[in-house]
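Trainee: Got a structure for you, written out below as structure tokens; questions coming shortly.
The values are calculated or read from the model by the stated rules, or taken from the named source; none is laboratory data. Only a predicted model underlies this, so the values are computations on that prediction, with no experimental measurement involved. We place every Cβ from the backbone using ideal geometry, glycine too, and count neighbours over all the protein chains shown. SASA here: full protein model, heavy atoms, side chains in, ligands and nucleic acids out. Shrake-Rupley method; radii C 1.70, N 1.55, O 1.52, S 1.80 Å.
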Amino acid sequence: SACCLACVFTNPLEVVKTRLQLQGELQARGTYPRPYRGFLASVAAVVRADGLCGLQKGLAAGLLYQGLMNGVRFYCYSL
């Protein structure tokens, strides 16, 4: 459960990091608007566009990954 709780707290950081990395990825340099300029401005832009739940996009996949990975690991250690 600790790994899943950690995932809940770090998922917003991952969402913001991914959006910062991918902005303008498919366009020529300097020809696209930059809605994400720094961490706090990016958090505000995500909340403005998608609401507070937008910071937790992809949480289900992260929880599934952490639960399966650590469940298998602890099961194998018990053997």
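Trainee: Could you put Ser78, Ser1, Ser42 in order of accessible surface area, largest first, with the 1.4 Å probe and the full protein assembly present?
Mentor: Result, largest first: Ser1, Ser78, Ser42.
Trainee: Over the range 1-47, with the other protein chains present, what is the accessible area per residue in square angstrom, probe 1.4 angstrom?
Mentor: 71 Å²
Trainee: If you don't mind, there's one more thing I want to ask. Given just the C-alpha atoms of the chain, how large is their convex hull per residue in cubic angstrom?
Mentor: Measuring per residue, one finds 107 Å³ for the Cα hull of the chain.
Trainee: Same structure again: Solvent-accessible area of Val47, probe 1.4 Å, all protein chains present, reported in Å² to the nearest ten, please.
Mentor: The accessible area of Val47 comes to roughly 50 Å².
Trainee: Moving to a separate point now. Measure nothing fancy, just the Cα-based angle from helix 2-22's long axis to the longest principal axis of the chain, in degrees from 0 to 90, nearest 10.
Mentor: Taking Cα atoms only, the helix is inclined about 30 degrees.
Trainee: Ignoring ligands, DNA and RNA, please state the percent of accessible area on the chain from carbon and sulfur, probe 1.4 Å.
Mentor: The value for the chain is 66 percent carbon and sulfur by accessible area.
Trainee: Follow-up question, since we're still on this one. Give the longest segment of the chain that steers clear of trypsin sites (Lys or Arg not before Pro) in DSSP loops with at most 15 neighbouring Cβ atoms within 10 Å, not counting the sites themselves.
Mentor: 38-79
Trainee: Could you identify which residue out of Gly54, Gly30, Gly38 has the top mean-square fluctuation in a GNM of the chain using Cα springs shorter than 10 Å?
Mentor: Among Gly54, Gly30, Gly38, the largest GNM mean-square fluctuation belongs to Gly30.
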